[in-house]
Amino acid sequence: MISFENVSKFVLSDISIYVPEGKTVGLIGASGAGKTTFIKLACGLLSPESGTVRTIGLQPEKERKQLGKMLGILFTDISALKMDDTVAGNFELMQKVYGINKEKFRADYKDLSERLGFAAFENQMVKNLSLGQRRRSEIGAAFVSRPKLLLLDEPTVGLDENAKQVFYELLKEREKEGVTVVFTSHDMAEVSKVCGRIALIDEGRIRYYGEEEQLRKKFAPINKILLEFSDKIPDLEDLPVVRYVVNDNRLCIEYNDNYVTAAEVINLIMQQSEVKEVKMRKPDLGDIIIQLKKKGTEKWEVL
């Protein structure tokens, strides 16, 4: 669906990656790492300085018009909507530009406008909308043409929790329909929630590409279990854990989940003591990135 071969542009250097059809890929990395540049190369807003980009089999910078009808795009710095028109007026124009059947378009518009909430202000000029209102409308604009590929740059900026949940639902629905999604975000919990694959960009290079679980197992396998006991603390000497800390009737255990599961550790403890409360915590993507950066880039790799 998207293929980069030895692509360089601005901060991006010698990028090679393939995003297959029907996958949702989260692009993560620090500000300035090259995530937005990647999206702009994929849709043809930028041309590579070297290397080759193919999106849905086309050269984006040379075949933008043909490609555009198969894309849904959302940027933080470029609005898909005309500021001097109403929300409804913008969507009417989209229907004509994309040549979508009127009945089908109206049904999709009604569904999106009601779920995302922009039906309430569809007759207002876009330039008069708040950031949150404009963002809801822009997400609708990205989805309404039912594209094969969604390129979304920080799509939930400005959205409240209600709108975010609707956005996540829409993504899952499109994914089931076979739509490919490339999604950038600084919200690591959001990436974990919606993305099946992760591409980690650091200093203009792809340092990791694969499933989140494999990223955890390879680079951050140490998880924590927090336990509170009703009575005695168990004998800890033979527990298969990395380390532990005891504080009164509370115990914090760190274990390597490449070698032992949380269930196995908890089962061993419950054979000795009555557990009042159990909490578990895995490193999130932000923790993993911090750990990897501390270890140095020689540990990063593409899977």
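Within segment 57-68, does at least one residue satisfy the condition of being touching a residue at least 40 places away in the same chain (Cβ under 8 Å), part of a loop (DSSP other than H, G, I, E, B) and crowded, with 17+ Cβ neighbours inside 10 Å? The answer is no, given that none of the residues of segment 57-68 is touching a residue at least 40 places away in the same chain (Cβ under 8 Å), part of a loop (DSSP other than H, G, I, E, B) and crowded, with 17+ Cβ neighbours inside 10 Å.
With the requirement that a residue be surrounded by fewer than 13 Cβ atoms within 10 Å (Cβ to Cβ), at pLDDT below 95 and in a loop (DSSP other than H, G, I, E, B), what does segment 69-100 give you? Answer for segment 69-100, where residues must be surrounded by fewer than 13 Cβ atoms within 10 Å (Cβ to Cβ), at pLDDT below 95 and in a loop (DSSP other than H, G, I, E, B): D77, I78, G99.
Within segment 122-151, restricting attention to residues that are part of a strand (DSSP E or B) and within 16 Å of the chain's Cα centre (by Cα), the residue that is nearest to T184 (Cα to Cα) is L151.
Among the residues of segment 41-55, those identified as assigned to a loop (DSSP other than H, G, I, E, B) and under 13 Å from L12 (Cα atoms) are L46, S47, P48, E49.
Kindly establish whether D14 is more than 22 Å from S185 (Cβ to Cβ) and open to solvent by 70 Å² or more (accessible area, probe 1.4 Å). Yes. Among the conditions (1) modelled with pLDDT of 90 or more; (2) more than 19 Å from the chain's Cα centre (by Cα); (3) acidic (D, E), the only one that E154 does not satisfy is (2). Exactly one residue out of V126, V157 is out of contact with any Cys (no Cβ under 6 Å at 6 or more places or on another chain), open to solvent by less than 20 Å² (accessible area, probe 1.4 Å) and of a type outside the set (G, A, S), and it is V126. With respect to the conditions (1) within 27 Å of E161 (Cα to Cα); (2) among the aromatic types (F, W, Y); (3) in contact with a Lys or Arg (Cβ under 9 Å, 6 or more places away or on another chain), Y109 falls short on a single one, namely (3).
Here D202 clears all of (1) open to solvent by 10 Å² or more (accessible area, probe 1.4 Å); (2) closer than 20 Å to T36 by Cα; (3) of a type in the set (D, E, K, R); (4) modelled with pLDDT of 95 or more except the condition numbered (4).
In the set E154, E203, E190, E169, only one residue is out of contact with any strand residue (DSSP E or B) (no Cβ under 7 Å at 6 or more places or on another chain) and at positive phi; that residue is E203.
Quick check on my filter: what residues within segment 212-242 are open to solvent by 50 Å² or more (accessible area, probe 1.4 Å), at pLDDT 90 or above and either under 30 Å from L27 (Cβ atoms) or out of contact with any Cys (no Cβ under 9 Å at 6 or more places or on another chain) (or both)? K224, V242, listed by residue number. Among the residues of segment 249-267, those that are outside any helix (DSSP H, G or I) and farther than 14 Å from E277 by Cα comprise E254, Y255, N256, D257, N258, Y259, V260, T261.
Among strands (runs of 3 or more DSSP E) entirely within segment 167-213, having at least 1 residues that are more than 15 Å from L149 (Cβ to Cβ) and among the aliphatic types (A, V, I, L, M) singles out 197-202, 205-210.
Taken as a whole, segment 257-265 holds at least one residue that is touching a Lys or Arg at 6+ places or on another chain (Cβ under 8 Å) and more than 24 Å from L74 (Cβ to Cβ). Considered as a group, the residues in segment 26-38 that are buried (at least 23 other Cβ atoms within 10 Å of the Cβ) and of a type in the set (A, V, I, L, M, F, W, C) include one that is farthest from A142 (Cα to Cα), and that residue is I28.
The values are calculated or read from the model by the stated rules, or taken from the named source; none is laboratory data. Note that the coordinates shown come from a computational prediction; the quantities given were computed from them, not determined experimentally. Here the Cβ is made from the backbone with ideal geometry for all residues, glycine too, and neighbour counts use every protein chain on show. We work out accessible area using only protein heavy atoms, side chains counted, and drop any ligands, DNA or RNA first. Shrake-Rupley method; radii C 1.70, N 1.55, O 1.52, S 1.80 Å.
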